[in-house]
Structures are given as structure tokens and as C-alpha cells.
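**Q** My questions will all concern the structure given below.
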Amino acid sequence: IKEYQPHILINLAWRGVAGKDRNELHQIQDNLPLTLQSVELAKSVGCSQWIGIGSQAEYGNPNRQVDEQFPTYPTTLYGKAKLAACWAALGLCQAYDIQGSWIRLFDPYGPGDDSYWLIPYLIREIASGNSPKLTKCEQLWDYLYVEDAAKAILSVAYTQATGIFNLGSGVAIPLKEVVETLKNFVNPTIQPEYGAVPYRPDQVMHLQADITRIKTLTGWDHKITIEQGLLETVKGILK
């Protein structure tokens with residue numbers, strides 16, 4: 001890798017992001033060492049900057065818009081492992097005199113999403129003529145299209161902005177609007193079964209990032225509306 005003389009290492013590696021894995025021991029046992037090894041790798045090849053990808057799960061269940069100063073009370077091992085990795089990796093970057101950045105993703109989506117996430121599930125169920133079984137979908141949710149998310153990460157790299165950043169659209173919309181938009185794109189005759197699935201005891205009802213910091217320090221802002229992003233996702237998944 002030295003022959004390429006990289007300047008920046010962006011670490012997106014993480015084991016176990018699906019809901020069923022959120023409280024598995026490997027969240028800490030595997031992911032914390034892996035994250036620190038990526039900083040070691042950055043140091044060994046002469047990188048001047050390291051960027052790691054965190055999660056809104058580090059905040060726990062705030063049920064409100066949050067900025068980077070909001071207290072972190074993760075409720076899952078996934079969130080706790082992300083938070084531990086954040087501070088350990090940024091501390092190691094400081095020790096190695098590497099510029100360190102940690103980007104807390106809220107809810108990215110797009111055509112390449114795994115089938116167990118809500119949006120791909122909805123698209124496939126509706127396209128198959130099935131009525132998806134859902135909660136009441138009263139949640140307010142911050143979705144960010146994958147292309148905008150990628151550009152945001154690159155903006156942190158190009159501007160060499162350091163520290164912790166929230167990354168979302170900054171806008172929370174009712175989840176029911178997402179469902180209805182997808183239904184109208186795929187098969188308007190389908191009637192989703194709202195309320196067929198109960199809310200979890202720890203259900204987050206309001207997920208929203210304050211993205212003032214990343215916008216101010218990098219000049220980035222999201223460009224793709226939720227309607228545009230959902231349409232591209234439908235096209236990609238059904239293709």
C-alpha cells in the first residue's frame with residue numbers, strides 16, 4: 001500500500017450492523033480492535049488524516065434533534081462499541097499526530113441497501129403485491145440518500161475538517177410519508193397494514209441530526225430530496 005502513498009484513510013469496516021446483531025459481543029470484541037488497527041495502518045503508510053464512520057446509535061434514544069454536544073447514552077452494544085471506538089480512535093490519532101474525524105451517520109439509504117432494512121423491504125413487498133405489515137409509522141425520521149452521504153464524507157476529507165460530525169439530511173419526516181411515497185411509486189393499489197407490528201419498548205420516535213457543524217466547516221449540504229432518492233432506490237432495487 002505504501003507505493004500508492006495515500007494521504008487519507010477512511011474506515012467503514014464494521015461487523016454486525018443489522019438489528020439482530022446490535023447486542024452481540026463481537027460489537028466490542030471485534031470492532032474496537034479493528035478500528036484501532038485501521039489507525040495503526042494509517043500511521044504505518046504515512047497518512048495525515050483518518051476518518052471513521054460512527055452512528056446515531058451513540059446518542060441512544062434522545063427523541064429530538066441532536067447536535068454533536070448532545071449527551072451520549074447508547075442503549076445497545078452496537079452504540080456503545082461505536083462510541084468507544086470514536087474516542088479511542090480519535091485519541092490514537094492525536095497521539096500519532098494524525099488528523100482524526102468521526103462521522104455519526106443517521107439513516108442513509110439507497111439502491112444498494114440490504115434487504116432487511118425498511119425501505120428495501122417495503123419496495124419488494126409492494127412490488128410482489130403484498131401489503132407490508134408495519135407499525136403505525138408515526139416516527140419522525142432523518143433519511144439521507146447514499147450519494148449525498150458519500151459526498152459529505154469526501155467533503156470532510158478534502159477540507160481536512162477534524163472532530164465529530166453528525167451526518168443526516170437535518171430534516172425529519174413522518175415515516176408514513178416514506179411508506180406512502182414508495183407505495184405510489186411501486187403499486188398505488190396496495191394498502192399497508194399500519195399498526196400490525198407493535199412498537200419496540202425502546203422505539204425511537206424522533207431521529208434527526210443537527211448538521212450545522214459539517215455544513216459550516218466543509219460547505220457540504222445534501223442535494224437530493226427524499227422523493228428523488230426514493231425513486232432512484234425503487235429503480236435500483238427493482239432492476
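A short reminder: the numbers here are calculations on the coordinates, not readings from a lab. Please read these numbers as outputs of a predicted model, since none were measured by experiment. Counting neighbours? That spans all protein chains shown, and the Cβs are built from the backbone with ideal geometry, glycine included.
**Q** Compute the long axis of helix 77-95 from its Cα atoms, compare it with the longest principal axis of the Cα atoms of the chain, and write down the angle in degrees, 0 to 90, nearest 10.
**A** The angle comes out at about 30 degrees.
**Q** Among the DSSP beta bridges whose two residues both lie in the chain, what percent are antiparallel, rounded to the nearest 5?
**A** 10 percent
**Q** Follow-up question, since we're still on this one. What is the extension gain from Val17 to Phe70, computed as 0.36 nm multiplied by their sequence separation minus the C-alpha to C-alpha distance, in nm to one decimal?
**A** 16.8 nm
**Q** Rounded, prolate or oblate: pick one for the range 151-239, where a ≥ b ≥ c are the square roots of the eigenvalues of its C-alpha gyration tensor, a/c under 1.5 means rounded, and failing that, prolate if a/b is larger than b/c, else oblate.
**A** Oblate, since a/c reaches 1.5 and b/c is not below a/b.
**Q** Here's something else I'd like to know. Using Cα pairs under 8 angstrom and six or more residues apart, how large is the relative contact order of the chain, in percent?
**A** 23 percent
**Q** Here is a further query. Hey, what number do you get for the chain at 222 nm if only DSSP H runs of n ≥ 4 count, each worth -39500 (n - 2.57), divided across all residues, to the nearest 500?
**A** Helix contribution divided over all residues of the chain: -12000 deg cm²/dmol.
**Q** Within the range 91-124, what residues put their amide N at less than 12 Å from the label point 7 Å along the Cα-to-Cβ vector of Ala196?
**A** 122
**Q** Given the Cα-Cα distance of Asn130 and Trp117 and 0.36 nm per residue of separation, how much length would full extension add, in nm?
**A** 3.0 nm is the gain from fully extending Asn130 to Trp117.
**Q** Grab the beta carbon distance between Lys235 and Asp30, set R0 = 25 Å, and tell me the FRET efficiency rounded to 0.05.
**A** For R0 = 25 Å, the calculated efficiency reads 0.10.
**Q** Obtain the nm distance between the two label points defined at Glu180 and Ala95 by a simple spin-label model: each point lies 7 Å from its Cα along the Cα-to-C-beta direction.
**A** Modelled inter-label distance: 5.4 nm.
**Q** Could you compute the net charge surrounding Gly168? Neighbours are other residues with a C-beta less than 15 Å from the C-beta of Gly168; K and R count +1, D and E count -1.
**A** Its environment carries a net charge of -3.
**Q** Here is a follow-up. What is the helix-to-structure angle for 226-238, meaning the angle in degrees between its Cα long axis and the longest Cα principal axis of the chain, kept from 0 to 90 and rounded to the nearest 10?
**A** The angle comes out near 80 degrees.
**Q** Dipole size in debye (nearest 20) for the chain around its Cα centre, Lys and Arg Cβ +1, Asp and Glu Cβ -1?
**A** 160 debye
**Q** Also: Using mean Cβ contacts within 10 Å as the protection proxy, how do 202-215, 6-19 order, highest first?
**A** Packing order, densest peptide first, comes out as 202-215, 6-19.
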